[in-house]
Amino acid sequence: MINRAILSLIILFSAVNVQAQLISIADARALPLGSSVTVNGIVTSGDEFGTIRYIQDGTGGIAIFSSALAISQRGDNVTVTGITTDYQNLLEITPVTSWILNSSSNPLPTPLQLTPNQLGESNESELVKIDNATFTNGGSLFQGNASYSFTANGQSGVVYIR
């Protein structure tokens, strides 16, 4: 009798999907930190950020920190499973427990048309476009590990260059 109960439990737990159910990036962003998530999106960054990659779907963007995923390129469609965490106020998925390259050379998402005042956590990790931006140090070469102030349509903002 006990052996049947144990066998039933083993079968029950074996039937549970080990990988989390695929959800939108917006839904993953809304979950508490430490949640296991599986998301799918288009890679929007390359090796200019080192081992971090940004992915985006139709609902939002999220950072993925994984040396294994560092081989991915802009336009790759990937499915990523991992844990949500906050690193210096950036929501990211790390550690990544698995990832799959679904396809390559996909078009990048259309950048959101924003003003500096609209920049914030709601569009963190997404491609954005700001028209009429004028940089305080415009015309000079931007250096890494620095921030640069700009204005656009009477609003101000800051760009951080790794």
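A few comments on the model shown:
- Some residue of segment 77-86 being buried (at least 17 other Cβ atoms within 10 Å of the Cβ) and more than 20 Å from G34 (Cβ to Cβ): yes
- Members of segment 60-73 found to be surrounded by fewer than 16 Cβ atoms within 10 Å (Cβ to Cβ), more than 21 Å from G34 (Cα to Cα) and touching a residue at least 12 places away in the same chain (Cβ under 8 Å), listed by number: A70, Q73
- The condition of being of a type in the set (A, V, I, L, M, F, W, C), under 17 Å from the mean Cα position of the chain (by Cα) and either modelled with pLDDT of 95 or more or open to solvent by less than 60 Å² (accessible area, probe 1.4 Å) (or both) holds for only one of L114, L108, L119, that being L108.
- Among the residues making up segment 33-51, those that are touching a residue at least 40 places away in the same chain (Cβ under 8 Å) and open to solvent by 20 Å² or more (accessible area, probe 1.4 Å) are L33, G34, S35, S36, N40, I42, E48, F49, G50.
- Among residues of segment 104-118 that are under 24 Å from N77 (Cβ atoms), those with a Cβ under 6 angstrom from a residue that is of a type in the set (V, I, T) and in a loop (DSSP other than H, G, I, E, B), sequence gap 6+ or separate chain, pair up as L108/T44.
The values are calculated or read from the model by the stated rules, or taken from the named source; none is laboratory data. Everything numeric here is computed off the predicted structure, so don't read it as measured data. Cβ coordinates were reconstructed from backbone atoms using ideal geometry, including for glycine residues, and neighbour counts include every protein chain displayed. Quick note on the areas: whole protein, heavy atoms, side chains included, nothing else; ligands and nucleic acids left out. Shrake-Rupley method; radii C 1.70, N 1.55, O 1.52, S 1.80 Å.
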